[in-house]
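Comments concern the structure below.
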Amino acid sequence: MRRVIDGRNLLPPEPLELTLAALDQLTEGDDLLLLLNCRPAPLFGILRRHGYFWHERAQDDGSFEITIRKSTVGEP
Amino acid sequence: MHADLSFEQAPPISVPLRFFLSAPLFGVVAGALLCWWGADVPTSRWLGETLALTHLLVAGFMLQAMTGALFQFLPVAAGCNIARPLRVARVVHPMLLAAVLLLAFGLASNVAIALRSAAALFLFAVAIVVVAAGRALLRTPAQGATALALRLAVGGLAVTVLLGAALADGLAGQRSWPLADLTSIHVAWGLGGWALTLLAGVSYFVVPMFQLTPPYPPRLSRWLPLLLLAVLLAWSLQLVAPIPQQLVLVCGLALAGAFAAITLWLQQRRRRRIGDPVFWFFRFAMCCLLAAALLGIALAALPAAVDGPRVSWLLGVLLIPGVFVSVINGMLYKIVPFISWLELQRLASPGTPVPNVHEMLPGSAMRGQMGVHFLAVASLLTASIWPAAATLAGAAFAISSAWLGVNVSRAALRFVRARDRIGASEPSRQS
């Protein structure tokens, strides 16, 4: 199952707060898609420390797509 | 898996926090002294008391906050970090505190040994900051407009302090420098080359992010700091050759005004109707910057009025408490809760409750302080036509600064308590 958080019109750190709350409910096989206007550098350190994989993709309009999964499933 | 070292390299939170917590103290001292000294201060920019108050704000309040921001901002915005940040901060922070107190005392009381000691301390402390930050900024592969502005700002700080040390030397009676020319160049580098250039670089990054505006036009972002540098170099030539002063001044003010106008225009185009204190502090600051630029340009046509004490006071108030102190107020309200919350997230295990950003620093406390700050700036402006208002303005500024200090300290205290709670429940995760 895929959950999407569109943080493009949210004030920082709201997207980060929503993401961290969503990570608590992320189960194996699920992924979390983040849509953001900037690269969430602070998030990456937290993801690494807590054992998540992520993949980031810069969009033509300057926004970013970040896909996150639990590390037991493997890199997306 | 990606490697993202930028935030992993961020300095320990105690590094920027010590600067952020110290900054408001200088506002309290400056406000209290203005309240004490009263109506004489706005009558001349050359009075020792006026110079002391100005430096309590620019070399105390502003330099403390901007140095802390530099430590915090380099990894996030430029992908680089000051090496051994804790050691650097432990040396630089107390030196800057002592330097500004000595400078203010030396200027107000005309004590040569205090001026010379302050100059030596500033030179040493700022040299460490410039070398440490400059080294990081020259090594980073980042080539964006923010990284360029940060590089130029650090250079601007170095020039400002060198000129300031020469002026202190001259005032202490060591050498006979052309003090008036040196002062106007020192002011230009301090406000334009250091403060405005750093503000521009930081704004390129934080205004679109925290105020949900479109990005700054790329061409403007890149050229503004470079053109400011060209204007400052031209302005500095007055030391060795005659220059068209009014023209150079108008060019510099036009650049500052353009930056303010574009920031206001971007704020109008924000994607969501946000109106938090950070937004209003920025908006107020940009209105002050635009007003200062327009006033300066108008007065350039009337050179005789430019040196009038009322105009000097008006421009000084618009630029220092109006622009830079306002922006720093807003940025402290954004940065301190954010880095505190982030550090708690780093320390806590998934699922462990952590206070959210709004709990770290409630909006009502920020809004109340913001109102007093705006009142203080309005009173300071009033003192240009009615000097007796200086007493009220000083009191309002001291209260505003004290309130800022209390708000920021409370956020830091909430962080410490939450960190201790996490430490008690998860001792093995504390680093």
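The values are calculated or read from the model by the stated rules, or taken from the named source; none is laboratory data. Quantities reported herein were computed from a predicted structural model and do not represent experimental measurements. Note that we place each Cβ from the backbone using ideal geometry, even for glycine, and neighbour counts take in every protein chain shown. Note: accessible area is taken over every heavy atom of the protein model, side chains too, but ligands, DNA and RNA are not part of it. Shrake-Rupley method; radii C 1.70, N 1.55, O 1.52, S 1.80 Å.
Looking only at residues that are within 14 Å of chain A (Cβ to nearest Cβ) and open to solvent by less than 30 Å² (accessible area, probe 1.4 Å) in segment B:211-257, which one is nearest to B:V187 (Cα to Cα)?
B:S221
For segment B:25-110, which fully contained helices (runs of 4 or more DSSP H) count at least 3 residues that are open to solvent by 30 Å² or more (accessible area, probe 1.4 Å)?
Passing ranges, in order: B:48-55, B:85-109.
Can you name the condition, by its number, that A:R2 falls short on among (1) open to solvent by 70 Å² or more (accessible area, probe 1.4 Å); (2) within 7 Å of another protein chain (Cβ to nearest Cβ)?
(2)
Can you tell me which residue in segment B:165-186 is most open to solvent (accessible area, probe 1.4 Å), limited to those that are over 26 Å from the mean Cα position of the chain (by Cα) and in contact (Cβ under 8 Å) with a residue 24 or more places away in the chain?
If we take residues in segment B:165-186 being over 26 Å from the mean Cα position of the chain (by Cα) and in contact (Cβ under 8 Å) with a residue 24 or more places away in the chain, then B:Q174 is most open to solvent (accessible area, probe 1.4 Å).
Just to check your reading of the model, which residue among B:G405, B:G394, B:G371, B:G423 is of a type in the set (G, A, S) and open to solvent by 20 Å² or more (accessible area, probe 1.4 Å)?
None of the others qualify; the one that does is B:G371.
Of (1) β-branched (V, I, T); (2) within 11 Å of chain B (Cβ to nearest Cβ); (3) exposed (fewer than 13 other Cβ atoms within 10 Å of the Cβ), A:T27 satisfies all except one. Which?
Result: A:T27 fails condition (2) only.
Can you go through B:A301, B:A293 and tell me which one is small (G, A, S) and surrounded by 17 or more Cβ atoms within 10 Å (Cβ to Cβ)?
Exactly one of B:A301, B:A293 is small (G, A, S) and surrounded by 17 or more Cβ atoms within 10 Å (Cβ to Cβ), namely B:A293.
Which residue, of B:V202, B:V231, B:V250, is of a type in the set (V, I, T), assigned to a helix (DSSP H, G or I) and closer than 21 Å to B:F338 by Cβ?
So the residue among B:V202, B:V231, B:V250 that is of a type in the set (V, I, T), assigned to a helix (DSSP H, G or I) and closer than 21 Å to B:F338 by Cβ is B:V202.
Taking segment B:111-142, which residues are open to solvent by 70 Å² or more (accessible area, probe 1.4 Å) and either touching a residue at least 60 places away in the same chain (Cβ under 8 Å) or more than 20 Å from B:G170 (Cα to Cα) (or both)?
B:V131, B:R135, B:L138, B:R139, B:P141
Per-residue answers, yes or no, for (1) in contact with an Asp or Glu (Cβ under 7 Å, 6 or more places away or on another chain); (2) within 25 Å of B:I274 (Cβ to Cβ); (3) open to solvent by less than 10 Å² (accessible area, probe 1.4 Å); (4) facing chain B (nearest Cβ under 9 Å):
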position: A:P13; (1), (2), (3), (4): no, yes, no, yes
position: A:A21; (1), (2), (3), (4): no, yes, no, no
position: A:L33; (1), (2), (3), (4): yes, yes, no, no
position: A:P42; (1), (2), (3), (4): no, yes, no, yes
position: A:W54; (1), (2), (3), (4): no, no, yes, yes
position: A:D60; (1), (2), (3), (4): no, no, no, no
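Do the conditions hold for A:L47, that is, is it surrounded by 16 or more Cβ atoms within 10 Å (Cβ to Cβ), within 11 Å of another protein chain (Cβ to nearest Cβ) and either closer than 19 Å to B:P75 by Cβ or out of contact with any Leu (no Cβ under 6 Å at 6 or more places or on another chain) (or both)?
yes
Can you pull out the residues in segment B:199-210 that are under 14 Å from the mean Cα position of the chain (by Cα) and open to solvent by less than 10 Å² (accessible area, probe 1.4 Å)?
Scanning segment B:199-210 gives B:A200, B:G201, B:S203.
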